[in-house]
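Q: Before anything else, here's the structure in question.
Nothing in this text is a laboratory measurement; each read-out follows from the coordinates by a stated rule. Everything numeric in this text was worked out from a predicted model, so none of it was measured. FYI the Cβ positions are ideal-geometry reconstructions off the backbone, even for glycines, and counts take in every protein chain you see.
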Amino acid sequence: MVATRDEVDELLDAAMAHSTAEQTEVLYFGEDSALTRFANSQIHQNVRQHDRSVQVRVVDRQRIGVASTNRLDEAGLRDVVQSAVSIAERSAPNPQAAVLPTMASPPAAEGSGYVAATAEADPEQRAAGARAVIAAGVAQRLIVSGSFSNGSSTLAVSNSHGVRARQRTTRASLLTVMLDSYESGAASGYAQAGSTDIGSIDAEAVGVEAADKAVRSRGATELEPGEYEVVLEEYAVATILEYLAYIGFSALAYEEGRSFMELGERVMGENVTIWDDGSDATGLPSPIDFEGVAKQRVDLIHDGIATAVVHDAATAARAGTNSTGHALPAPNTWGPMPLNLFMRPGDSTREQLLSGMQRGIWVTRFHYVNPVHPKKAILTGMTKDGTFLVEHGQIVRPVINFRFTQSMPEAFSSVLALTADTKLLPGEYIGGYRVPAVRLGRFNFTGASMRERAGEDGGP
Amino acid sequence: MVGECGDEERGGVVQELIDRALDAAQRAGASYADVRVVERRSEELKLKNGELEAASSSLSEGFGVRLLVEGAWGFSSSSLLEPGEAERVAREAAEIARASRLAQREPVVLDQTPAVVASYRTPVEEDPFGVGLDQKLAILVEADAAIARVAGVAIRNASMGFERERKTFASTEGSRIEQEIVESGAGIEATAVDATEVQARSYPNSWGGQFVTGGFEAIRAMRLADHGQEIAEQAVALLQAPQCPSGEMTLVLDATQVALQLHESCGHPTELDRVLGTEASYAGTSFLTTDKLGQFRYGSELVNIDADATAPGGLGTFGYDDEGVPAQRSALVEGGVLSGYLTSRETAPTIGRQSMGSARAWSWNLIPLIRMTNINLRPGEAGGLDDLIADTKDGIFMSTNKSWSIDDRRLNFQFGDQVGWLIRDGKLGEMVRNPTYTGITPQFWGSCDAIGSASAYTIWGIPNCGKGEPGQVGHVGHGAAPARFRNVKVGVGRW
């Protein structure tokens, strides 16, 4: 069901031809994806989906209408355009947002994020990956769960100002959680690999990494919450970047005073540099945004200084600048967002991160993170799948998962070291993060989970 | 707003598609198969600072074929509603099921739910898709104007949204179910901003407001404009309010926050798929393991919690779940003791029961997972919110969720609310900002010593519950009244 380039062009043109509006944008999105899921050391869910849809945004006398459909026959295309036009006719003017891109941005290099083997991988290939991961865990008497997914997507955008852009991308992801029981305080380990090329994912290595972590986390005991030095593995660092992007790296959040970003000011330590680059092939590229604008590299934090935020067409027009190519699909009230983040590595090995740490915590990853105070970028969440006490430069024992409540600019103002190696981790739905592991001078743990004991804490 | 084919024409297309898919599935070796054909229309309006920032409609339709081959699941789906595609998708699902067998230890066994031929339609007084855009906009504009009359508000939001899902479920066991579910929701929010703080107040709830199954009558009943000034004044006042104090206090929660507390600390941990480990790779597992059924003290004796997919107006209300099991009411906690789980046809036999009907799929291209329906805390006898506060000597009252987080076993949670007020001698005192509280689930519910009466009870809709891989969104409800909890840790973190 994958549409050819010609078929996509025909759909865009056919929809455009129906519009009577002053400005029209047609967006095509096609997805063909599959996911094999395993739990209790066996495959239990195995799914595939094929979908294609068209979204039409029209602007007429500063009135905007948006409609989408996945009914792509002639009548469906006519109806979706008429629907968008009808909404615009009956809407109130919104000069603040009535802007479609007109810039002739350099065309993105199509195909840099597409690997045919990823698009074509079959369920047997995913099952083989699942079996390799399961085998690594079962060998250590662990209960293995996870997922192995692959798929391709096509995004194409055409507008009446002449913008025409298209990208085809693929993405594969393998992740696993391994536990030694379902009791509270059980040992657990995690690993994940993501790539545009399914062939580069080493399922056995993913399995071994998670199993090793789970084995080392057996026998976790409680530890008093408080402020500690920490080592955050790449999984945890990527989650922090994901939330900073969500709450603070957007021009709209900045414009409305909701962001922690103060442009030109130091907001993090001078060894912290974070940028977004949707075309970098070492990430998970998505070279155009949902308005068809080629993504620019944007240096968000440079040597600890807040240097820029990302724009879509509407925020750029208000700020008197150009879109950086970070629009989300219309109608988008959240504003632009960077989806391909990178953090500059340091020069340490993972072992060196521990050097000289008198007493601290090693964090594998975070769980269920949410903003508590977006303007201060205070996040809360739990540690998960391998939390360890470090003493005198050595990991000495696993501990029960902590809850943190911490301002992230404050935490990233105390970066003591970063690894030279980075890891690529896929975003939940799109894009990804390439980040090092970091050591921070202080991190505030405000609570802990618990190991249940019979007769205590509400037990029978 | 998108053009529709006639019901009769659609019915013919759907019937042929189902017949071809089920036939192809059986010819491909399926011992069981079901097909869901779904059409979802939605409409969204968002007014921001008086300007219409989003006005959109969408249509998504397609079908999914789920089947068992030699006890292993396979699923495939397509947006092409064509008989030939139905056969191809069914064959593809069977191939996927065979691949599942390459890493399977135990075959899937379904419960003995009888086949059903039936239909269900959400009771609607005023079809929201028949109400003109101008009428909808007028309500939002009026509410926006009420907020705008208060000086100091930086961002004004007013929104409403509607969904209509028509779906047909059919299985090789002989079930054939037609449903039409209609949802309506709306809300307003005022945000005040200064150099260091961003403070918002919402009505009727945060995260978009209140959502129900029902028609436009629910939007009219909210009377959004009547509440614009109050939330605006509170948002501005919060900028100057002192930070929430830290310590152990008596905590009174409004019904909307009780609803989210139910969601995170009762709804999710009683999902039997989580309990059995099949969600371990994403959202986690549960401390409510099956050995605790019928004996674990989850909360105080006042705490009675039901899953009720039949509750009128609840966002988790329907006629049949996506395995064809009739909607029903089922106790999860009785007198504070764990008494049940949310189940599916696959999981219920593991505890010796029949499915209570909570297998739900977000869309045609996703499989049913165990999802909450309406997870309701039965009302108590403590009266209304004013009565609860009058009965509290010292403590803190918190209202309207701002943030949430809970660990992977659903034990350690932390919530933040938009606003708090200290309680002194049975009266609301000083307003405080950024209130948060944290606890351990059974300890927290064990400390519940008062629950508001039926007169203070509302089913709050939550339209953004995430679960599963690929990710699914769930629309669920939570019946709740205000409630009181003793010795709760509040004011978490450094500010």
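Q: Got the relative contact order for the range B:221-340 handy, in percent, Cα pairs under 8 Å and 6 or more residues apart?
A: Answer for the range B:221-340 is 19 percent.
Q: What's the local net charge at A:A211, with K and R +1, D and E -1, over the other residues with C-beta under 12 Å away?
A: After counting each charged neighbour, the total is -1.
Q: To continue, here is another question. How about B:K467: which aspartates and glutamates have a C-alpha closer than 14 Å to its C-alpha, ignoring those fewer than 8 places off in the same chain?
A: A:E428, B:E264, B:E271, B:D273, B:E279, B:D408
Q: In cubic angstrom, how much convex hull volume per residue do the alpha carbon atoms of the range A:227-448 span?
A: Looking at the range A:227-448, the number lands at 105 Å³ per residue.
Q: Mind listing which trypsin sites (Lys or Arg not before Pro) in the range B:69-120 are in a DSSP loop and have 13 or fewer other Cβ atoms within 10 Å?
A: B:R105
Q: Tilt of helix A:203-216 relative to the longest C-alpha principal axis of chain A, in degrees (0 to 90, nearest 10)?
A: In chain A, helix A:203-216 runs at an angle near 40 degrees to the longest axis.
Q: Straight-line reach only, C-alpha to C-alpha below 19 angstrom: list the aspartates and glutamates that B:K393 could link to, leaving out same-chain residues fewer than 8 apart.
A: B:E248, B:D254, B:E381, B:D425, B:E430, B:D449
Q: Hey, if you put +1 on the Cβ of every Lys and Arg and -1 on every Asp and Glu Cβ in the protein assembly as shown, which of A:W362, A:A316, B:L293 ends up farthest toward the positive end of that dipole?
A: Positive-most Cα among the choices belongs to A:W362.
Q: Calculate the dipole size of the range B:7-240 relative to its Cα centre from +1 charges on Lys and Arg beta carbons and -1 charges on Asp and Glu beta carbons; express the result in debye to the nearest 20.
A: Charge dipole of the range B:7-240: 560 debye, to the nearest 20.
Q: Then there is this: Contact order normalised by length for chain B, with contacts defined as Cα pairs under 8 Å and 6 or more residues apart; what percent is it?
A: Here the relative contact order equals 15 percent.
Q: Under the rule of -39500 (n - 2.57) per DSSP H run of 4 or more residues, summed and divided by the residues of chain A, what mean residue ellipticity at 222 nm is obtained, to the nearest 500 deg cm²/dmol?
A: After summing the helix terms and dividing by the residues of chain A, the value is -6500 deg cm²/dmol.
Q: Measure nothing but the geometry: give the 0 to 90° angle between the long axis through the Cα atoms of B:228-240 and the longest principal axis through the Cα atoms of chain B, rounded to 10°.
A: On a 0 to 90 degree scale, this one is about 60.
Q: Could you tell me how far the Cα centroid of the range A:378-404 sits from the Cα centroid of the range B:351-380, in Å?
A: 34 Å
Q: Now for a different question. Could you please report the charge total around A:K295, scoring K, R as +1 and D, E as -1 over all other residues with beta-carbon less than 9 angstrom from its beta-carbon?
A: -2
Q: Round to the nearest 10 and give me the degree value, 0 to 90, for the angle of helix A:234-247's Cα axis relative to the longest principal axis of chain A.
A: With both axes taken from Cα atoms, the answer is about 40 degrees.
Q: Quick one: compute the contact order of chain A, relative version, from alpha carbon pairs under 8 angstrom and 6+ residues apart, as a percent.
A: That works out to 15 percent.
Q: Past 24 Å, Cα to Cα: identify those pairs from B:K292/B:K402; A:K384/A:K423; A:K295/A:K376, in the order given.
A: From B:K292/B:K402; A:K384/A:K423; A:K295/A:K376, over 24 Å: B:K292/B:K402; A:K295/A:K376.
Q: Counting only helical runs of four or more DSSP H residues, what would the 222 nm mean residue ellipticity of chain B come to if each run contributes -39,500 (n - 2.57) and the total is spread over all its residues?
A: -6000 deg cm²/dmol
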